[in-house]
1. Within the bounds of the range 52-65, is there any residue that is of a type in the set (A, V, I, L, M, F, W, C) and touching a His at 6+ places or on another chain (Cβ under 9 Å)?
2. Could you tell me which residue of the range 220-246 is nearest to C198 (Cα to Cα), considering only residues that are of a type in the set (D, E, K, R) and in contact with a Lys or Arg (Cβ under 9 Å, 6 or more places away or on another chain)?
3. Are any residues in the range 299-329 farther than 19 Å from P226 by Cβ and not charged (D, E, K, R), and if so, which ones?
4. Looking only at the range 249-263, decide whether some residue is closer than 30 Å to R151 by Cβ, surrounded by 16 or more Cβ atoms within 10 Å (Cβ to Cβ) and of a type in the set (F, W, Y).
5. Please determine, by comparing only the residues of the range 120-145 that are of a type in the set (A, V, I, L, M) and part of a helix (DSSP H, G or I), which one is farthest from G80 (Cα to Cα).
6. Is it the case that C282 is surrounded by 14 or more Cβ atoms within 10 Å (Cβ to Cβ) and either assigned by TED's automatic domain parsing to the domain that holds Q136 or under 19 Å from G306 (Cα atoms) (or both)?
7. Would you call T243 closer than 24 Å to E14 by Cα and more than 18 Å from the chain's Cα centre (by Cα)?
8. Go through (1) buried (at least 18 other Cβ atoms within 10 Å of the Cβ); (2) over 24 Å from E258 (Cβ atoms) for G60 and report which single condition fails.
Amino acid sequence: MAMSVPLLQGHKPEWALLRAHVSEIPNFGAQICGTRIGTAVRATEVLTTLFPSAASSRHGLSLVDLNCGCPIDLVYRQGGGSALLDQPSKLIKMLKGMNYVSGETPITCKIRLGTRDSSPVAKKLAQRIYDAGDVQAITLHGRSRQQRYSRDADWTYIAETAALIKALKLKSDTIADTAIDKEARDKPDVFFVGNGDCYSHIDYYNSIDQGNVDGVMLARGALIKPWLFEEIQKGQYLDKSATERLDYIREYVRYGLECWGSDELGVATTRRFLLEWLSFGCRYVPIGILERLPPRIQDRPPPWKGRNELECLLGSSDYRDWIKVSEMFLGPCPSDFHFTPKHKVCKILLS
């Protein structure tokens, strides 16, 4: 995800966020966050001009997604992210403009239930987005902006919204069968995706079956447990050893250095992204020492001891231990190194 204005200004750190590793091509999409219609449309035009559709270019984008769910105060107050949920007309115009300039690259959007707990707007908004016909996928995160991540995702509401989209699809198909005008017949099918709290193959298949969605977006679950995709594919829990988990980190660092370079700047960039990941990965409690299944992403387990020293290190919530892990692969940190996890309120200074 990147902000539209810094992209248009040529801000190098922002463009670095959209740099794909070779292993991600051609399944690489860009999510942008815009506060104004014009900037979101121009950013989309730049991205899809520089990187045409993956369907026509090996190095192209598979999609451009509009962020309509970011809860961060700075973004919200400027009118971007989840603020768009309360400005449906502006949101629809933004998507329409993005779709107009994107060529063959699909436009998608990700929304939340609403900005306030007591006033969910996602159903009405999803219907308006669907009726406008400018997106090929809608992802619904089952929480409001006010909730952030403090409560379980509302999959009942997601299922109700999915049922609404399916009803609209059925109605559109019926109209398209008899429609004379080309626009009605060429309206793209809309893929509806649910998002929130998927942390195991059990969660995934329950979401597909009970949520009635076309797909499930994995977010924090995949950050905490990168082999979640493998568990879903195999339909079983995998008790990864500390050594196997360290191999994921080794591979991550290798990819980072290949993507950003092995010079001082490349090492620093790789370290920052690695530490962000470790701030999530430390929350994983090994399946082999859990007292009950299934694990829940919202659980905050009591202090636990790993089966060996490495497992204890990887499970530490102390940022100094994350630094130690990074130094295994990237060498000692500079004396003036700063690290502030994006999902934490504290500021960390390493001196």
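1. no
2. In this case the residue turns out to be R220.
3. Listed by number, the residues that qualify are P301, P302, P303, W304, N308, C312, Y319, I323.
4. Initial filter on the range 249-263 (closer than 30 Å to R151 by Cβ): none.
Within the range 249-263, none of the residues are closer than 30 Å to R151 by Cβ, surrounded by 16 or more Cβ atoms within 10 Å (Cβ to Cβ) and of a type in the set (F, W, Y).
5. Going through the range 120-145, the residues of a type in the set (A, V, I, L, M) turn out to be 121-122, 125-126, 129, 132, 135, 137-138, 140.
Narrowing further to those that are part of a helix (DSSP H, G or I): 122, 125-126, 129, 132.
Numbers: A122: 16, L125: 16, A126: 18, I129: 17, A132: 20 Å.
That would be A132.
6. On the way: surrounded by 14 or more Cβ atoms within 10 Å (Cβ to Cβ): yes; either assigned by TED's automatic domain parsing to the domain that holds Q136 or under 19 Å from G306 (Cα atoms) (or both): yes.
Spelling it out, C282 is indeed surrounded by 14 or more Cβ atoms within 10 Å (Cβ to Cβ) and either assigned by TED's automatic domain parsing to the domain that holds Q136 or under 19 Å from G306 (Cα atoms) (or both).
7. Values: closer than 24 Å to E14 by Cα: no; more than 18 Å from the chain's Cα centre (by Cα): yes.
When the stated conditions are applied, T243 does not pass them.
8. Of (1) buried (at least 18 other Cβ atoms within 10 Å of the Cβ); (2) over 24 Å from E258 (Cβ atoms), only one is false for G60: (2).
The values are calculated or read from the model by the stated rules, or taken from the named source; none is laboratory data. Source: prediction; values computed, not measured. All Cβ positions, glycine included, derive from the backbone under ideal geometry; neighbour counts span all protein chains shown.
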